[in-house]
Amino acid sequence: MFSPSGAPVWTSPTVDVARNLLIFGTGENYSSPADQNSDAVIAVRLDTGERLWSRQTFPDDAWNVACMMIDNPNCPEEDGPDYDQASSPLLVDLGDERTLVVAGQKDGRVFALDWETGQSKVWETKLGRGSIQGGVHFGMAAAGSTVFVPINDMNDTRNGEWLDPQKARPGVSAIDAATGEVLWSHVQSNVCGEGRPFCDPGVSAPVTATDDAVVAGHLDGFIRIYNSETGAIVWSFDTATSVTGTNGVVAKGGSMSGSGPALGDGHLVINSGYGLYNHEAGNALLVFAPRGEEGISQR
């Protein structure tokens with residue numbers, strides 16, 4: 001309502017204590033005029049907050065949810081494109097005394113910067129079509145020098161237009177953090193079927209990586225675990241089915257977004273059901289035990 005409004009921070013900040021470094025990404029401005037802090041990667045000193053460097057990746061971006069409503073005067077004159085830097089930047093040590101900042105954006109780009117100044121772009125790779133409901137949303141993951149990138153790319157953004165489905169790349173890809181080379185890419189087909197208007201094959205939630213596997217919660221309600229070397233799906237589970245919780249209440253999952261899968265002591269813990277922004281609502285907290293042990297489903 002008032003301007004200039006600054007830029008929101010959607011990401012969890014990335015911290016390197018040894019380098020006294022904190023890095024985060026910003027989203028679009030919510031009101032005009034758009035400033036140089038929006039859609040940017042920003043590094044500050046961890047102990048004082050002093051800004052070390054800032055790199056804006058998309059200028060002149062102002063947007064808010066009013067832009068999805070007809071004739072709403074609170075939509076900024078720029079009207080998007082809403083290309084947030086919404087995924088936490090990754091600090092990837094390459095093992096050759098190089099460390100890169102790898103960042104992903106809602107326009108479908110992933111790129112690497114030098115961590116000291118942020119001004120040298122080492123590489124850039126386009127993995128998604130991008131839109132207000134496209135590209136990289138809440139979180140990439142890295143294991144060694146491989147970065148795993150979830151892509152959303154919804155065709156119906158609920159913004160008054162349908163995007164070209166032939167250009168959509170919903171799913172998960174793996175890229176070499178040193179070069180930006182795509183190692184594999186799994187574009188998920190649409191398995192939603194009729195009667196599920198808010199179901200979508202894309203991945204909005206953060207992914208979680210181990211040395212051998214990548215765990216992704218999709219907007220279609222499926223948890224899919226990918227082989228980190230090949231991208232083959234080694235396990236999947238449909239959370240959009242009814243389960244009886246430990247409290248005796250029947251719960252049902254849906255789209256997964258916002259928070260990602262957590263791994264610990266051989267167990268997988270995940271929230272399912274995310275109704276914001278026209279995704280499929282649900283109310284399940286699911287816990288999966290190692291093979292041979294009894295699993296738990298809990299609301």
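We did not get these values from a lab; they are worked out from the coordinates using the rules stated. Not measured: the values here are computed from a predicted model. Every residue, glycine among them, receives a Cβ derived from its backbone with ideal geometry; neighbour counts consider all protein chains shown.
When ASP265 is tested against the conditions (1) in contact (Cβ under 8 Å) with a residue 12 or more places away in the chain; (2) surrounded by fewer than 20 Cβ atoms within 10 Å (Cβ to Cβ), the lone failure is (1). Residues that are in contact (Cβ under 8 Å) with a residue 24 or more places away in the chain and buried (at least 21 other Cβ atoms within 10 Å of the Cβ): does the range 230-239 have at least one? Yes, the range 230-239 has at least one match.
Scan the range 74-86 and tell me whether some residue there is aromatic (Phe, Trp, Tyr), under 29 Å from VAL172 (Cα atoms), in contact (Cβ under 8 Å) with a residue 40 or more places away in the chain and crowded, with 21+ Cβ neighbours inside 10 Å. Scanning the range 74-86, I find at least one residue that is aromatic (Phe, Trp, Tyr), under 29 Å from VAL172 (Cα atoms), in contact (Cβ under 8 Å) with a residue 40 or more places away in the chain and crowded, with 21+ Cβ neighbours inside 10 Å, so the answer is yes.
Condition first: in contact with a Gly (Cβ under 9 Å, 6 or more places away or on another chain) and acidic (Asp, Glu). Now tell me which residues in the range 63-92 satisfy that. Break it down stepwise before answering.
Within the range 63-92, the first condition is being in contact with a Gly (Cβ under 9 Å, 6 or more places away or on another chain), and the residues that meet it are 63, 67-68, 70, 81-90, 92.
Hits for the range 63-92 are ASP82, ASP84.
Of all the numbered requirements in (1) surrounded by fewer than 17 Cβ atoms within 10 Å (Cβ to Cβ); (2) free of Cβ contacts under 8 Å to residues at least 60 places away in the same chain, LEU94 misses one, and that requirement is (2).
Candidates in the range 128-149 are the residues that are touching a Leu at 6+ places or on another chain (Cβ under 7 Å) and assigned to a loop (DSSP other than H, G, I, E, B); of these, the one that is nearest to ASP211 (Cα to Cα) is SER145.
Among the residues of the range 6-55 satisfying the criterion of being among the aromatic types (Phe, Trp, Tyr) and within 22 Å of the chain's Cα centre (by Cα), which is nearest to ASN74 (Cα to Cα)?
First, pick out the residues of the range 6-55 that are among the aromatic types (Phe, Trp, Tyr): 10, 24, 30, 53.
Still in the running and within 22 Å of the chain's Cα centre (by Cα): 10, 24, 30.
On the way: TRP10: 21, PHE24: 27, TYR30: 9 Å.
Going through the qualifying residues, I end up with TYR30.
CYS75 satisfies every condition listed in (1) within 16 Å of the chain's Cα centre (by Cα); (2) in a loop (DSSP other than H, G, I, E, B); (3) hydrophobic (A, V, I, L, M, F, W, C) except (1). Counting only residues that are surrounded by fewer than 19 Cβ atoms within 10 Å (Cβ to Cβ) and within 21 Å of the chain's Cα centre (by Cα), the range 56-67 holds 2 of them.
Quick check, is VAL102 closer than 17 Å to VAL147 by Cβ, in contact with a Pro (Cβ under 9 Å, 6 or more places away or on another chain) and not in a loop (DSSP other than H, G, I, E, B)?
So VAL102 passes the test.
Just need a number here: residues in the range 15-33 that are buried (at least 18 other Cβ atoms within 10 Å of the Cβ) and closer than 23 Å to GLU116 by Cβ. Give the steps one after another, and end with the answer.
Pass one, the range 15-33, residues buried (at least 18 other Cβ atoms within 10 Å of the Cβ): 21-31.
From what is left, the residues that are closer than 23 Å to GLU116 by Cβ are 21-26.
Result for the range 15-33: 6.
Among GLY245, GLY258, GLY221, which is surrounded by fewer than 22 Cβ atoms within 10 Å (Cβ to Cβ) and in contact (Cβ under 8 Å) with a residue 60 or more places away in the chain?
Values: GLY245 fails: in contact (Cβ under 8 Å) with a residue 60 or more places away in the chain; GLY221 fails: surrounded by fewer than 22 Cβ atoms within 10 Å (Cβ to Cβ).
Only one candidate passes the filter, namely GLY258.
Take ARG109 and tell me if it is farther than 30 Å from ASN155 by Cβ and either of a type in the set (Asp, Glu) or surrounded by 18 or more Cβ atoms within 10 Å (Cβ to Cβ) (or both). Answer is no for this residue.
One line per residue, one yes/no per condition, for (1) touching an Asp or Glu at 6+ places or on another chain (Cβ under 6 Å); (2) in contact (Cβ under 8 Å) with a residue 40 or more places away in the chain:
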| position | (1), (2) |
| --- | --- |
| GLU50 | no, no |
| SER54 | no, yes |
| THR57 | yes, yes |
| VAL65 | no, no |
| ASP107 | no, yes |
| LYS126 | no, no |
| GLY135 | yes, yes |
| ALA142 | no, yes |
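Counting the residues of the range 90-104 that are closer than 13 Å to LYS121 by Cα and more than 17 Å from the chain's Cα centre (by Cα) gives 2.
Would you mind listing the strands (runs of 3 or more DSSP E) fully within the range 171-277 where at least 3 residues are among the aliphatic types (A, V, I, L, M) and under 19 Å from SER87 (Cα atoms)?
Values: elements: 171-176, 182-187, 213-217, 222-227, 233-238, 242-244, 250-252, 262-264, 267-272.
Counting at least 3 such residues, we get 171-176, 213-217.
Return the residues of the range 80-99 that are of a type in the set (A, V, I, L, M, F, W, C) and within 29 Å of TRP63 (Cβ to Cβ); say none if nothing qualifies. Break it down into steps so the answer makes sense when it comes.
Pass one, the range 80-99, residues of a type in the set (A, V, I, L, M, F, W, C): 86, 90-92, 94.
Result: ALA86, LEU90, LEU91.
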